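The block underneath contains the structure these notes are about, expressed in structure tokens.
The values are calculated or read from the model by the stated rules, or taken from the named source; none is laboratory data. What you see is a predicted model, and the numbers here were worked out from it, not measured in a lab. No Cβ is skipped: glycine too gets one built from the backbone with ideal geometry, and neighbour counts run over all protein chains shown. The protein model used for the area step is the full one, side chains on, heavy atoms only, and it has no ligands, DNA or RNA in it. Shrake-Rupley method; radii C 1.70, N 1.55, O 1.52, S 1.80 Å.
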Amino acid sequence: QWNLVCDNDWKGPLSTSLFFVGVLLGSFISGQLSDKFGRKNVLFATLAMQTGFSFIQVFSTSWEMFSVFFVLVGMGQISNYVAAFVLGAEILGKSIRVLFCTLGVCIFYAFGYMLLPLFAYFIRDWRMLLLALTLPGLLCIPLWWVIPESPRWLISQGRFQEAEDIIRKAAKTNGITAPDVILDPSELQDLNSQKQQTYTILDLMKTRNILTITIMSVILWMIISVGYFGLSLDTPNLHGDVYVNCFLSAVIEVPAYIISWLLLRNLPRRYSMAAALFLGGCVLLFIQLVPSHMRVLSILLVMLGKFGITSAFSIVYVYTAELYPTVVRNMGVGASSMASRLGSILSPYFVYLGAYDRFLPYILMGSLTVLSGILTLFLPESYGMPLPDTIEQMLLVKGLEYRPASSSTRDSKEEEENPEIFKSTAF
């Protein structure tokens, strides 16, 4: 519409990159805001931000105006995604937490992805398409009265009574009789003495152990993001109908998320993620060996690569959330997600390299994905361990083993003694 062809064709990938610049900024800011003001408040504030600026974007009069609002939409989009993810991870028990973080979040992400080419096929005008994709955000307004704040976050802020009220309400809704004492007085006293302590992103680099995990997580997220968004954005360049290919790219995510859920439920995190990355990376490297006339096989290999990288993307969210303690968990996931956005900013230009050599994007993405699989093997294991609540508990990560302190088992013991209280998402 704004003559984005010929000499101006560079504005196409730049628009996508600018959206991911907004996602980058949102990842950086939302983590700190969520740890300070609460998961729920940031979730709904950024939902309003995404919906509001998307609506304004419909009425853009120039490419520059469209791109500026695209940055703001990106900031809101990732902020509410990360806040919702961490809120669910903290409010649910161990078994349901994994289900929520994989099938709960990711399957519905894939369903939305599948609806995109369907909407685009029938709504060819981009303004009406954007409006149709924006208005459903209004359906989230009633959820303010349904979704509670994270009890873990409330406890970390010294707001013990509010946390206990939420837990008792959950127990009542589930038909469970809550114990007379949910939060031990001695624990409250210890936490109350710590509640004035504030945490910043510098705490993710405070000690060698935490710094090592943070650096490895940053690199891992960045590489996975390059592969995931590179393959997603490259869909129009595949042989065949662009709408069908986009739909297939979305459909392949459903079995990927189901597999990742099964892996998270039954196998160690680092080996599961490394296997998914090796699968995705090796398949992408083999695409260049397929004869040019075997187009269907090429598409199948791309989808198999997308399957592996999508599974890894699902696992890495859970893995990272389990490595960081409650007091900086949203900040840790946000910082890692911020790093992944650097990869997503670069991903349109990986796709752009295909104009010079059709297989160059796959060679680069495949090589980086295999390297990230090797890196994963050096992370500590969190499978079967209770979530750490404090920096001190995370400091016990040494080498490749996670050794929980005795105090860190209180949370898991509480879940084991009263598992029914934590089972339902209904409060």
(request) Can you check how the C-alpha radius of gyration of region 225-276 compares to 2.2 N^0.38 Å, as a plain ratio? (result) 1.39
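Quantify, in whole percent, the carbon and sulfur part of the accessible surface of region 1-147 (1.4 Å probe; protein heavy atoms only). Walk me through the numbers before you get to the answer.
Details: 5370 of 7070 Å².
Carbon and sulfur atoms account for 76 percent of the accessible area of region 1-147.
Filter the chymotrypsin sites (Phe, Trp or Tyr not before Pro) in region 1-76 to those in DSSP coil with at most 13 other Cβ atoms within 10 Å of their Cβ, and list the result. All intermediate terms of the calculation are to be shown ahead of the outcome.
Values: sites: 2, 10, 19, 20, 28, 37, 44, 53, 55, 59, 63, 66, 69, 70; in loops: 2, 10, 59.
Within region 1-76, the qualifying chymotrypsin sites (Phe, Trp or Tyr not before Pro) (loop, at most 13 other Cβ atoms within 10 Å) are 2, 10, 59.
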(request) Could you work out the local net charge near residue 359, counting Lys and Arg as +1, Asp and Glu as -1, over the other residues with Cβ closer than 15 Å to its Cβ? (result) 0
(request) Find the accessible area per residue for region 8-147; the probe is 1.4 Å, ligands and nucleic acids are left out, and the unit is Å². (result) 46
(message) From the mean inverse distance of alpha carbon pairs (Kirkwood) and the Cα radius of gyration, derive Rg over Rh for region 8-147.
(response) 0.99
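With a 1.4 Å probe and every protein chain left in place, work out the accessible area per residue of region 270-380 in Å², rounded to a whole number.
Ligands and nucleic acids excluded, the result is 34 Å² per residue.
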(message) Based on the alpha carbons, how large is the Rg to Rh ratio for region 196-397 when Rh follows Kirkwood?
(response) 1.02
(message) If every alpha-carbon in region 50-102 counts as one equal scatterer, what log10 I(q)/I(0) does Debye give at q = 0.18, 0.23, 0.25, 0.26 1/Å?
(response) -0.62, -0.77, -0.84, -0.88
